[in-house]
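Data first, discussion second: the structure below is written as structure tokens.
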Amino acid sequence: MNNILVAVSALITLSIVSASCSRKVTRIDPSEQIDLSGRWNNTDSRLVAEEMTQTILRDKWVSNHQESNNGAKPVVIVGMVTNKSHEHIDAETFIKDVEQSFIQSGKVRLVQGGKKREELRAEKADQQTNASASSMKKFGLEQGADYILQGSINSIVDSQKRKKVVYYQVNLELTNIQSNEVVWIGDKKIAKYVTN
Amino acid sequence: MKRHLLLFFFITAFTGAFAQTGLAPDQNPNYNASRDKYMRLADSITSLQGTTYQDTYRAIDYLEDKREAREQRRQFRRELRMERARNAGYYYYEDYHTPYNYNYYPYRSYRYYRYNRGWYGGYYYNNTLPLAATLATLGTIGWLWCR
């Protein structure tokens, strides 16, 4: 009896290990919608990116800026995004798309901020003692931003037993750094109905 | 004396006018207070630019709560098994087969009894449970490893 129990346990263990090790990985199209858990995923990020990139460049804030600044293109810096939802969400996945659209459109200029700017300044500092005089970059000649892009992610969860409705709202705001005037607000609302 | 006073007046007026030229039209003359404050804070604030500040909350979610409770139960049982395996023999003997505890045996819950099925009537006849538990643990570790 005991030997049978041991043999069965060993067999089950081996079968679990062997079955779980038969992993299969396939490449998929990043634009393909695959929802597994109902949580925030790449499709949501993509939808937000599409919405934001479409609306931010079409809005009149670009032309308004050019009119009041002798045709100069607005300069934007990306600020902080606050995730106030119930899930860990990194905004960089869609913010980068927005930044990319700025550069590709040629209508908006983008300056680096945060840690990357620190790195740039550190590199500049390094050049002061290591680079040749002709190639050394000077301090105090950075392009100042006219606008800062900030954002927030909020969510509402309504669940009952095995059913759940999750609502996400992503907001991006563009604010004039000089006057604090908000010149553009973009939002993307995503609602999901999840049943288990 | 009159000349000195006149000179002082001109100097004061000139200095004041010069200071005023540093202000943009309609600029608050007390802007220095704010500037000095944020000059000190700028480095720490701007270092977060381009990042996502995680200020998440815990949503009321029936299934998620259930899953966490299940995980906690599993963790507890795992620790209990490990503890029992560490104290094998001594623990059970003290619990069931001393004269003081023996009479409590029929009132144990099924689950509690089930863990101790290897022990019966004060006679240890079987040690397959720790072995099976070890195999199951190894299997689980293997499964998690390969997942």
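Observations
- Entry remark, region B:1-59: residues being among the aliphatic types (A, V, I, L, M) and modelled with pLDDT under 65 number 8 in total.
- Condition met for residue A:146 (charged (D, E, K, R), touching a strand residue (DSSP E or B) at 6+ places or on another chain (Cβ under 7 Å) and either open to solvent by less than 100 Å² (accessible area, probe 1.4 Å) or closer than 30 Å to residue A:186 by Cα (or both)): yes
- Filter result (in a loop (DSSP other than H, G, I, E, B), touching a residue at least 24 places away in the same chain (Cβ under 8 Å) and of a type outside the set (A, V, I, L, M)) within region A:162-182: A:162, A:178
- Here region A:56-114 is the region considered, the condition is being open to solvent by 10 Å² or more (accessible area, probe 1.4 Å), part of a helix (DSSP H, G or I) and of a type in the set (Gly, Ala, Ser), and the residue that is farthest from residue A:152 (Cα to Cα) is A:68.
- Residues that are closer than 18 Å to residue A:112 by Cβ and out of contact with any strand residue (DSSP E or B) (no Cβ under 6 Å at 6 or more places or on another chain), drawn from region A:75-94: A:92
- Selection within region A:174-196: residues that are of a type outside the set (A, V, I, L, M, F, W, C) and in contact with a Leu (Cβ under 7 Å, 6 or more places away or on another chain). The member of this set that is modelled with the lowest pLDDT is A:196.
- Residues of region B:40-61 satisfying the condition of being more than 20 Å from residue A:179 (Cβ to Cβ) and either assigned to a helix (DSSP H, G or I) or more than 7 Å from every other protein chain (Cβ to nearest Cβ) (or both): B:40, B:41, B:43, B:44
- Restricting region A:143-161 to residues that are part of a loop (DSSP other than H, G, I, E, B) and within 25 Å of the chain's Cα centre (by Cα), the residue that is nearest to residue B:49 (Cα to Cα): A:145
- Subset tally (residues that are away from chain B (no Cβ under 14 Å) and crowded, with 22+ Cβ neighbours inside 10 Å) for region A:45-55: 1
- Checking residue A:155 against (1) facing chain B (nearest Cβ under 9 Å); (2) open to solvent by 20 Å² or more (accessible area, probe 1.4 Å); (3) hydroxyl-bearing (Ser, Thr, Tyr), the condition it does not meet: (2)
- Across region B:118-147, the qualifying residues are those that are within 19 Å of residue B:80 (Cα to Cα) and at pLDDT below 50, and the one among them that is least open to solvent (accessible area, probe 1.4 Å) is B:118.
- Some residue of region A:71-92 being charged (D, E, K, R) and away from chain B (no Cβ under 14 Å): yes
The values are calculated or read from the model by the stated rules, or taken from the named source; none is laboratory data. Everything numeric in this text was worked out from a predicted model, so none of it was measured. FYI the Cβ positions are ideal-geometry reconstructions off the backbone, even for glycines, and counts take in every protein chain you see. The area values use the complete protein model at the heavy-atom level, side chains included, leaving out ligands, DNA and RNA. Shrake-Rupley method; radii C 1.70, N 1.55, O 1.52, S 1.80 Å.
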